[in-house]
């Protein structure tokens, strides 16, 4: 297990449009350019960005610098992913409350990202949201998350989601600028794909079980079939800069909750645009 609380003082060694009816609700999904907007009954709309599939180098052999080189991020390896929709922002508390009718967050505010969420609760959320909308929501695979954080086919080689270290305070809430609290989603700059807060603010659960990387080239990797801990990505508001990089990995037990833990959505494409990946 790798604790996610990498604080300042801690350093570790367009596609088709879907229109659906679910139960008595009539949520709408409308597409414009690369943005898909999904209406949620009695809740806020969800904006999702189309991430065109491609091939990239996942992981890092060198890390941010000599001081921050971690075996979990090695070896670099080639990964290909199919296209998918990803939430433009982290899941907000307003959306969470509309779906779950509860709010587990330590920091309370409708425009703040939901925090203090376990992986298991995140799974419950995507299941209920899928039932409400008739669409196939899920957590991102780890490879999808890193590919999108790097900027997909628009990637410019940044160490963080949308910037390099000199500009980190302009694209991420982390230990230097956060004042030790989460902030409303989408206040800082996005990455190349228009995704916000993929570095910092709250760490984001992924579907995968934690396992060491394989050096072999992979296509749509889904991680091992079982394990003890699930992957978290992106760092959080109290992380050091290295923990907010696009390749840094963290992991924790699925039942663990923390004010550092949040989530982001992925939406499966329509039939014919891509096959659904099973949840393990």
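The values are calculated or read from the model by the stated rules, or taken from the named source; none is laboratory data. Just so we're clear, the structure is a prediction, and the values are computed from it rather than from any experiment. For neighbour counting, all protein chains shown are included, and Cβ atoms are generated from backbone atoms with ideal geometry for every residue, glycine included.
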Can you name the residue in segment 6-48 that is surrounded by 13 or more Cβ atoms within 10 Å (Cβ to Cβ) and within 30 Å of residue 215 (Cβ to Cβ) and, of all such residues, is modelled with the highest pLDDT?
-> 6
Enumeration of residues in segment 116-133 that are surrounded by fewer than 19 Cβ atoms within 10 Å (Cβ to Cβ) and in contact with a helix residue (DSSP H, G or I) (Cβ under 8 Å, 6 or more places away or on another chain) | 124, 128
Tally, over segment 190-219, of residues that are under 16 Å from the mean Cα position of the chain (by Cα) and in a loop (DSSP other than H, G, I, E, B) = 13
Say whether the condition of being surrounded by 20 or more Cβ atoms within 10 Å (Cβ to Cβ) and part of a helix (DSSP H, G or I) is met by at least one residue in segment 160-177.
-> yes
Is it the case that some residue within segment 226-234 is closer than 23 Å to residue 89 by Cβ, modelled with pLDDT under 95 and either in contact with a strand residue (DSSP E or B) (Cβ under 6 Å, 6 or more places away or on another chain) or in a loop (DSSP other than H, G, I, E, B) (or both)?
-> no
Would you be able to say whether some residue in segment 85-99 is surrounded by 16 or more Cβ atoms within 10 Å (Cβ to Cβ), more than 25 Å from residue 187 (Cα to Cα) and either at pLDDT 95 or above or more than 19 Å from the chain's Cα centre (by Cα) (or both)?
-> no
Please indicate, with yes or no, whether at least one residue in segment 143-156 is buried (at least 21 other Cβ atoms within 10 Å of the Cβ), touching a helix residue (DSSP H, G or I) at 6+ places or on another chain (Cβ under 7 Å), at pLDDT 95 or above and under 18 Å from residue 89 (Cα atoms).
-> no
